[in-house]
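The block underneath contains the structure these notes are about, expressed in structure tokens.
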Amino acid sequence: MQHALPMPGDIGLTQIGGNVGRLIRIGQWLNGNGFADYQHAFLVLPDEMIVEAEPGGATIRPLSVYDGANILYVCPEGLTDRQRDAIGAAGRRYEGVPYSFLDYLAIAVHRLRIPLPGLRRYVAATGHMICSQLVDQSYHDAGIHLFSDGRWPGYVTPGALFQRLADF
């Protein structure tokens with residue numbers, strides 16, 4: 001479900017330019033999400049704040065940092081206020097968690113069915129996250145499973161969130 005105005009618990013999807021954006025697009029393609037138009041995800045918190053995973057660690061910042069940006073706000077249909085509060089509380093707990101570009105590679109290795117001992121544990125670990133993993137894990141911690149397709153915990157990219165939640 002899409003929203004024009006962000007609400008707490010919504011997921012913001014946006015683009016990243018330059019080399020980093022191109023690398024993420026390639027990583028998403030390797031992971032089966034095509035060359036998705038969205039390379040970054042963040043979680044909307046109450047009081048017009050957000051939490052997002054980024055190099056240097058997950059941060060809580062004002063939503064206004066994205067003023068003027070092309071943002072698509074999505075969420076599962078029918079979220080209650082109580083669920084939105086739980087999602088936001090869960091997201092806040094990940095402030096400071098380190099970012100991990102290696103998670104894109106680990107997710108791709110899994111998709112390509114390359115047997116690597118400890119891979120599932122690595123992808124599922126919450127001690128390091130990419131942006132989409134932080135969003136997905138926050139929902140999971142609040143008791144909401146965004147994906148019911150049997151994927152490994154943490155096996156999610158911004159493109160996967162777009163494919164799952166955008167109504168087109």
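For segment 47-125, please list each of the strands (runs of 3 or more DSSP E) lying entirely inside it that holds at least 2 residues being touching a residue at least 12 places away in the same chain (Cβ under 8 Å) and open to solvent by 50 Å² or more (accessible area, probe 1.4 Å). If you could, list the steps in order and put the result at the bottom.
Values: elements: 49-52, 59-62, 72-74.
Hits in segment 47-125: 59-62.
Select from segment 27-46 the residues that are outside any strand (DSSP E or B), modelled with pLDDT under 95 and on the phi < 0 side of the Ramachandran plot and list them in ascending order.
First pass over segment 27-46, keeping only residues outside any strand (DSSP E or B): 27-39, 46.
If we keep only those that are modelled with pLDDT under 95 as well, we get 27-39.
Scanning segment 27-46 gives GLY27, GLN28, TRP29, LEU30, ASN31, ASN33, PHE35, ALA36, ASP37, TYR38, GLN39.
Does any residue in segment 7-24 that is within 13 Å of LEU63 (Cα to Cα) and at pLDDT 95 or above come within less than 6 Å, Cβ to Cβ, of a residue that is among the basic types (Lys, Arg) and assigned to a loop (DSSP other than H, G, I, E, B) six or more places away or on a different chain, and which pairs are these?
Filtered contacts from segment 7-24: no entries.
Output the residues belonging to segment 126-168 that are assigned to a helix (DSSP H, G or I) and in contact with a strand residue (DSSP E or B) (Cβ under 6 Å, 6 or more places away or on another chain).
CYS131, SER132, VAL135, SER138, PRO158, LEU161, PHE162, LEU165
The values are calculated or read from the model by the stated rules, or taken from the named source; none is laboratory data. Just so we're clear, the structure is a prediction, and the values are computed from it rather than from any experiment. Cβ: placed from backbone, ideal geometry, glycine included. Neighbour counts: every protein chain shown. The accessibility values were calculated without ligands, DNA or RNA, using every heavy atom of the protein model including side chains. Shrake-Rupley method; radii C 1.70, N 1.55, O 1.52, S 1.80 Å.
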